[in-house]
């Protein structure tokens with residue numbers, strides 16, 4: 001949990017599990033001022049509890065559940081909110097991709113005027129030579 005010195009406003013973190021139920025007096029390392037830190041109340045009926053932290057991998061290895069990670073301070077509400085926003089953005093990207101995808105046949109979407117130009121198919125070289133030879137032999141036989 002984060003604490004702040006009331007006189008010099010130095011911010012630091014302490015493990016809230018180490019605090020006794022009635023709190024503790026701490027000395028500020030910067031200004032040497034002494035102040036009281038109370039243990040935060042446990043939220044009743046908090047449905048967002050976890051027994052292992054997804055950020056620092058801290059685990060209780062028991063049935064004990066916590067709403068704030070005692071090691072890194074990650075709150076279950078913040079984690080679940082971030083993961084919900086991330087899932088929503090991923091879903092939005094998938095939806096946009098599905099909407100932009102076309103299921104039409106690409107042959108049917110071409111402009112028909114592009115295919116109307118006749119294409120001259122040229123015969124292969126051996127076929128052309130054989131045709132000229134046959135024509136020459138025919139002309140020679142007619143002349144004979």
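Side notes on the structure shown:
- Listed from fewest to most Cβ neighbours within 10 Å, the set 75, 62, 130 follows the order 62, 130, 75.
- Helix-derived mean residue ellipticity, 222 nm - over the chain, DSSP H n ≥ 4, -39500 (n - 2.57), to 500: -10500 deg cm²/dmol
- The stretch 45-101: relative contact order in percent, alpha carbon pairs under 8 Å with at least 6 residues between: 26
- Over the chain: Rg over Rh, Cα atoms, Kirkwood Rh: 1.71
- Convex hull volume per residue in cubic angstrom - Cα atoms of the stretch 1-41: 65
- Angle between the chain longest axis and helix 76-100 axis [Cα atoms, degrees, rounded to 10]: 10
- Shown here is the pair-distance distribution of the stretch 45-101: with all Cα-Cα distances grouped in 10 Å bins from zero up to the longest one, the shares run 23, 37, 20, 15, 5 percent.
- Once C-alpha pairs closer than 8 Å and six or more residues apart are averaged by separation and normalised to the residue number of the chain, the relative contact order reads 12 percent.
Any read-out appearing in this document is the output of simple, stated calculations on the displayed coordinates, not a laboratory observation. All figures in this text were calculated on a predicted structure; none of them were measured in a lab. We place every Cβ from the backbone using ideal geometry, glycine too, and count neighbours over all the protein chains shown.
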